[in-house]
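K.L.:
Got a structure for you, written out below as structure tokens; questions coming shortly.
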Amino acid sequence: MKKQLLFLGAPGAGKGTQAELLSQTYSYLHLSTGELLRKEIEMNTILGKEVKAIMNRGELVSDELVLKIVRQNLNKDNKGWILDGYPRNLSQANSLNEVLIEINQPLEVVFYLDIPEEVLIKRLLLRGRKDDNEETIRTRVNIYKKTTEPLIQYFKDLSLLEYINADRDLKSISAEIKQKMA
Ligand code: B4P
């Protein structure tokens, strides 16, 4: 059973949803950089104040900040982990590689959740989080296409990529992921 996983996909593809389900089933750490940043905003910390406006505009927060969060959470004690929403660009992918070498826990599989753009826009508008308005969604999708999408080829070249059709019901997606973890 694979224990070191990563979810890649556009905003609204269902990375958080699937990562949460899996982490509960296997008691793996669910490391969502988006969720951790939102907690900082909620608690009104210095970091939270710094990232609030950036996130509300749908832009990416700085690589250094996100890396700090990842380092605080990924360590040798984890019995399995799921990275959700990290890395989002090539520089973050390189930093992640360094961290994983340090803790001696290589990435075992990358699930790429593929979804048509119209579907994700509908999903996000329905969810209605603070950063789920039309203008912000458009910014997030554009940034995704420009900076995150190249990671699909990056992980493909490393023979880590597993393609998942994410335009289906939650249970079918999760069943396929579990099967591919075996
Ligand atoms: P994230 O928190 O990563 O959120 P996301 O990409 O919008 O959502 P996700 O794909 O997880 O979708 P979800 O399961 O919730 O990022 C938010 C912000 O944080 C970024 O814009 C950025 O500013 C910042 N950030 C995070 N990581 C960063 C990094 N590494 N570097 C820099 N900045 C970073 O699903 C969406 C909706 O669809 C939900 O309502 C869900 O219920 C629904 N849904 C899911 N699966 C479904 C299905 N199969 N069928 C129907 N509906 C479904």
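The values are calculated or read from the model by the stated rules, or taken from the named source; none is laboratory data. Since the model is a prediction, treat every value here as computed from it, not as a measurement. A quick note on method: Cβ atoms are made from the backbone with ideal geometry, for glycine too, and the neighbour counts reach across all protein chains shown. Only protein heavy atoms, including side chains, enter the accessible area calculation; ligands, DNA and RNA are left aside. Shrake-Rupley method; radii C 1.70, N 1.55, O 1.52, S 1.80 Å.
K.L.:
Within region 39-80, track down each residue that is among the aliphatic types (A, V, I, L, M), part of a helix (DSSP H, G or I) and open to solvent by less than 80 Å² (accessible area, probe 1.4 Å).
P.N.:
Within region 39-80, Ile41, Leu47, Val51, Ala53, Ile54, Met55, Leu65, Val66, Leu67, Ile69, Val70 meet the criteria.
K.L.:
Take the residues in region 130-173 that are open to solvent by less than 70 Å² (accessible area, probe 1.4 Å) and of a type in the set (Gly, Ala, Ser); name whichever of them is nearest to the ligand (Cβ to nearest atom).
P.N.:
The extreme case among them is Ala166.
K.L.:
Between Ile82, Ile69, which is in contact with a Ser or Thr (Cβ under 7 Å, 6 or more places away or on another chain), in contact (Cβ under 8 Å) with a residue 60 or more places away in the chain and within 12 Å of the ligand (Cβ to nearest atom)?
P.N.:
After ruling out the rest, the residue left standing is Ile82.
K.L.:
Hey, another quick one. Please find, among Leu113, Leu107, Leu151, the residue that is assigned to a helix (DSSP H, G or I) and either closer than 22 Å to Leu65 by Cα or in contact (Cβ under 8 Å) with a residue 12 or more places away in the chain (or both).
P.N.:
Leu151
K.L.:
Kindly establish whether Leu83 is touching a helix residue (DSSP H, G or I) at 6+ places or on another chain (Cβ under 9 Å), outside any helix (DSSP H, G or I) and farther than 20 Å from Lys156 by Cα.
P.N.:
Numbers: touching a helix residue (DSSP H, G or I) at 6+ places or on another chain (Cβ under 9 Å): yes; outside any helix (DSSP H, G or I): yes; farther than 20 Å from Lys156 by Cα: no.
No, not satisfied.
K.L.:
Still on this model: On the basis of being open to solvent by 60 Å² or more (accessible area, probe 1.4 Å), farther than 18 Å from Ser32 by Cα and over 17 Å from the mean Cα position of the chain (by Cα), does Glu176 make the cut? Give the derivation first.
P.N.:
Numbers: open to solvent by 60 Å² or more (accessible area, probe 1.4 Å): no; farther than 18 Å from Ser32 by Cα: yes; over 17 Å from the mean Cα position of the chain (by Cα): yes.
It is false that Glu176 is open to solvent by 60 Å² or more (accessible area, probe 1.4 Å), farther than 18 Å from Ser32 by Cα and over 17 Å from the mean Cα position of the chain (by Cα).
K.L.:
Inside region 31-66, can you point out the residues that are in contact with a Lys or Arg (Cβ under 8 Å, 6 or more places away or on another chain), more than 8 Å from the ligand (Cβ to nearest atom) and under 22 Å from Ala13 (Cβ atoms)?
P.N.:
Asn56
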